[in-house]
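These notes are about the structure you will find just below.
The values are calculated or read from the model by the stated rules, or taken from the named source; none is laboratory data. Computed from a predicted structure; not experimentally measured. As a convention, Cβ positions derive from the backbone with ideal geometry for all residues, glycine included, and neighbour counts pool all protein chains shown. The area values use the complete protein model at the heavy-atom level, side chains included, leaving out ligands, DNA and RNA. Shrake-Rupley method; radii C 1.70, N 1.55, O 1.52, S 1.80 Å.
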Amino acid sequence: MNISQVSHFTLSAYIDIGLFKYIVFLFLMCVYIVIISCNVLLIVVICVNRSLHEPMYMFLCSLFVNELYGSTGLLPFLLVQILSDVHTVSVPLCFLQIFCLFMYGNVEFYNLAAMSYDRYLAICHPLHYNTQMQMNTVIRLVVLSWFLPLLNIIVMISLNASSRLCGNIIDKVYCINYNVTKLVCSGAAASNIYGLVYTFTVVIGLAALIVYTYIRILKVCFSGSEQTRHKAVSTCTPHLASLLNFSFGCFFEILQSRFDMSSVPGVLRIILSLYFVTCQPLFNPVVYGLKLKKIYLMCKILCFGQK
């Protein structure tokens, strides 16, 4: 049967937890409300304050928009599924969710790579920073960080759109592209090859860029003045913490997709699979809001009217 002949996918990873599902529902609802509130607050703070119209904060604004986008692509769907007795999803909605989550993960990584390059220029080449990181450059980097993942996911979904399936059961609590590809009987070679090429060019290329920038930043910190070290620590610590947190979540998601995790308790597998879409949107506004003094002071003024 072709994907066009399948009406729905069944999500088999849900566990019957009885009345406890209402507690889980309320917990995730509160998490979603906090995510929306924190990220919207910081977006508003950056947009309305001209003193924050600098490259680093523009990248942060793009990052916070992506947190809203990614969490909205999953959590409302998850809340409905928790209260439902039948865990099925229509094919169009499944592919829409694949689109949203893939876009979220890729845009996050592109943004973090752009931010590491921005910090590298600011710390390692401060005299040339204003000429090399002008607002036009920032806009181009932000647009590319959204456009390239969009182009990539369109190609990936197109490769799977006419594939022949051997089943419609997905062992997850949400749809991801790799699990749909595993259901394909034939014609998955093109999608797999494209995925490998993308991973070994774009993903590893961005990871190499991030590693290189931080090696150079550390080198400057160890050989530079105390003021340089203080600037590096104050602006790079939140970014590095965000990067490690996101990498941690992606690592467990990839681990679950590629290897047999049947020996791991089902509840733990679900928590780890949701980590990168729930914890990252919570983690980023908190760590940047508290660590970056300008944002912290502006939030304090906006919320409490205090300087």
Heavy-atom accessible area of Asp16 with all protein chains present, probe 1.4 Å, nearest 10 Å²? 150
q = 0.08 Å⁻¹: log10 I(q)/I(0) that the Debye formula gives for the chain, counting C-alpha atoms only: -0.41
Collect residues whose amide H, placed 1.01 Å from N in the peptide plane, falls under 5 Å from the amide H of His53; neighbours closer than 5 in sequence don't count. none
So if I place +1 on the C-beta of Lys and Arg and -1 on the C-beta of Asp and Glu, and nothing else carries charge, what would the dipole magnitude of segment 47-178 be about its Cα centre? I want it in debye, nearest 20. 220
What number of lysine-lysine pairs in the chain show an alpha-carbon separation below 23 angstrom, given a sequence spacing of 8 or more or placement on distinct chains? 13
In Å and on Cα atoms, what radius of gyration and Dmax does segment 1-121 show? 18.3, 58
Return the percentage of antiparallel bridges among DSSP beta bridges fully within the chain, rounded to the nearest 5 %. 75
³J(HN,Hα) computed for each position of segment 11-27 - Karplus, 6.51 cos²θ - 1.76 cosθ + 1.60, integer Hz, glycine/proline x: 8, 8, 7, 6, 10, 6, 10, x, 5, 5, 4, 6, 5, 4, 4, 5, 5
Could you please state, rounded to a whole Å, how far the C-alpha centre of segment 221-253 is from the C-alpha centre of segment 99-157? 17
Accessible surface, the chain, averaged per residue in Å² (probe 1.4 Å): 51
At a probe size of 1.4 Å, how large is the accessible area of Ser12, to the nearest 10 Å²? 60
What are the residues whose amide H is under 5 Å from the amide H of His8, where those residues sit 5 or more places off or on another chain and H is modelled from the backbone? Val91
Put +1 on the Cβ of each Lys and Arg and -1 on the Cβ of each Asp and Glu in the chain; which of Leu272, Leu209, Met261 then has its Cα farthest toward the positive end of the dipole? Leu209
Row for segment 1-57, column shape: gyration tensor on C-alpha, a ≥ b ≥ c, rounded if a/c < 1.5 i.e. under 1.5, prolate if a/b over b/c, else oblate; value oblate
Heavy-atom SASA rank of His128, His230, His8 (probe 1.4 Å, accessible area, largest first): His230, His128, His8
Solvent exposure ordering (accessible area, 1.4 Å, most first) of Ser234, Ser257, Ser158: Ser158, Ser234, Ser257
Alpha-carbon Rg/Rh ratio, for segment 112-206, with Rh computed the Kirkwood way: 1.17
Largest first, what is the accessible-area ranking of Phe246, Phe147 with a 1.4 Å probe? Phe147, Phe246
Nothing charged except the Cβ atoms of Lys and Arg (+1) and of Asp and Glu (-1): what's the magnitude of the dipole of the chain about its Cα centre? Round to the nearest 20 debye. 820
What angle, in degrees between 0 and 90 and rounded to the nearest 10, separates the Cα long axis of helix 91-124 from the longest principal axis of the Cα atoms of the chain? 20
What is the local net charge at Tyr214, summed over the other residues whose Cβ is closer than 13 Å to its Cβ (Lys, Arg +1; Asp, Glu -1)? +2
Would you mind checking the radius of gyration and Dmax of segment 90-129 based on alpha-carbon positions, in Å? 16.8, 55
Can you pull the Kirkwood radius for segment 186-307, inverse mean 1/r over Cα pairs, to one decimal in Å? 17.8
Mind grabbing the base-10 log of I(q)/I(0) for segment 58-123 at q = 0.17 Å⁻¹? Debye formula, identical points on the C-alpha positions, no solvent, two decimal places. -0.67
Contact order normalised by length for the chain, with contacts defined as Cα pairs under 8 Å and 6 or more residues apart; what percent is it? 28
Taking all protein chains as present, what is the carbon and sulfur share of the accessible area of segment 1-62, in % to the nearest whole number, probe 1.4 Å? 71
Nearest 0.05, what FRET efficiency do Leu19 and Asp171 give at R0 = 41 Å with Cβ-Cβ as r? 0.95
